[in-house]
Amino acid sequence: MGSDPIYFPIIAAMETITITRPDDWHVHLRDGEVLAPMVAATAKQFARAIVMPNLKPPVTTVALAEAYRGRVLAALPKGARFEPLMTLYLTDNTPPAEIERAKASGFVKAVKYYPAGATTNSDSGVSDLRKCDAVLEAMQGAGLPLLVHGEVTDAEVDVFDREAVFVERTLGPLVKRFPKLKIVVEHITTHEAAAFVERAPENVGATITPQHLLLNRNALFAGGLRPHHYCLPVLKREPHRRALVKVATSGNPKYFLGTDSAPHAKGAKESCCGSAGVFSAHTAIELYAEAFEAAGALDKLEGFASHHGADFYGLPRNTAKVTLERVEWEVPAEYPFGATTIVPMRAGEKLRWRLA
Ligand SMILES: NC(=O)N[C@@H](CC(=O)O)C(=O)O
Ligand SMILES: [Zn+2]
Ligand SMILES: [Zn+2]
């Protein structure tokens, strides 16, 4: 036998990373005409998602959550494999019996606490968490997680300090009063919140968004006012961003992926009183990959994106895999979703990773 031919590849092998299919532990799918495109964008990227209940009117009961889940499933593109995990919107009047119904339903996976007035569609939120003690007790007993929008609404507290003050005033006492309650501090933005979660018992976790890993508050004013970078909690100073990158890439299972993809119509964002929320569902995993790569921690992406959240919620990890390719591509300037135009994160700019 002669020697085997040797082939020299003409193009260097494409750089790729393959990870377990990720989940999004915090997303706004909305309702009505944008529901279908939102579900499609999220289902393309994620196997499951924790679906926020801040609709108008809010999803306050298991019956409403069941109907909403039905609309989400009906909106799924043919052949898509995606499981919406539903949440209830906590109010001053949520009865403890609703927690039993939630637990029994199998599809309600958490309860969301919005301090009244803290963010988009939070007017029916909780005025005083003490009013919810019986419900929190029931949740602690049932192992149903409380998801927290962690900002005080006190007009005297500077908007950039609202999370840090919440951590001290509300979260600390809450964890003391309900030491076994599963709590997810959603979309953390400060080193105070990151440090609190780190010190807290293992039943306290946190989600982190792509924008809070990639941007600091300068992005709100880069060359002019940038409404598409406005979300709540608002972007913070660079040292906070670094603290978030540090915990996200640390491998600590308390921190996991939650995009907080929160679409608003272009006109509502580019307005004299612009709505809070960044739409990132279309390129979420690519944005996280970029943040992890910049930190030299691509090897930690899978835990953060695909393992830690499932483990925290006590759900099985996904078994399917996805691959990211190192290809530069340009994000569209906007997406026409029916009559609604949505401007995505990184509109018209380049990304360095692409979901294959
Ligand atoms: N994050 C946001 O800025 N907005 C979210 C609400 C929320 O998650 O606080 C929205 O529903 O638009
Ligand atoms: Zn929120
Ligand atoms: Zn949100």
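The values are calculated or read from the model by the stated rules, or taken from the named source; none is laboratory data. All values reported here derive from a predicted model rather than from experimental measurement. Neighbour counts are summed over all protein chains in view; Cβ atoms, including those assigned to glycine, are modelled from backbone coordinates with ideal geometry. Just so you know, the surface numbers come from the protein's heavy atoms only, side chains and all, with ligands and any DNA or RNA stripped out. Shrake-Rupley method; radii C 1.70, N 1.55, O 1.52, S 1.80 Å.
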So for segment 234-254 (the condition being over 15 Å from ASP161 (Cα atoms) and touching a Pro at 6+ places or on another chain (Cβ under 9 Å)), does at least one residue qualify? no
Which members of segment 213-265 meet the condition of being within 16 Å of ligand 2 (Cβ to nearest atom) and either basic (Lys, Arg) or modelled with pLDDT under 95 (or both)? LYS236
Close pairs from segment 220-232: first under 24 Å from PHE166 (Cβ atoms), partner open to solvent by 90 Å² or more (accessible area, probe 1.4 Å), Cβ under 6 Å, at least 6 apart: LEU220/ARG226
Pick out the one residue from HIS282, HIS264 that is touching a helix residue (DSSP H, G or I) at 6+ places or on another chain (Cβ under 6 Å) and buried (at least 22 other Cβ atoms within 10 Å of the Cβ). HIS282
Residues that are of a type in the set (A, V, I, L, M) and either in a loop (DSSP other than H, G, I, E, B) or at positive phi (or both), drawn from segment 133-153: LEU144, VAL152
Please work out if GLU156 is open to solvent by 40 Å² or more (accessible area, probe 1.4 Å), over 19 Å from ASN54 (Cα atoms) and outside any helix (DSSP H, G or I). yes
Counting only residues that are within 16 Å of ligand 2 (Cβ to nearest atom) and either in contact with a Lys or Arg (Cβ under 9 Å, 6 or more places away or on another chain) or assigned to a loop (DSSP other than H, G, I, E, B) (or both), segment 22-65 contains a total of 14
Flagged pairs (Cβ under 8 angstrom, 6 or more apart or on separate chains; first in segment 145-164, away from ligand 1 (no atom under 16 Å from the Cβ); second open to solvent by 10 Å² or more (accessible area, probe 1.4 Å) and among the acidic types (Asp, Glu)) are ALA164/GLU192
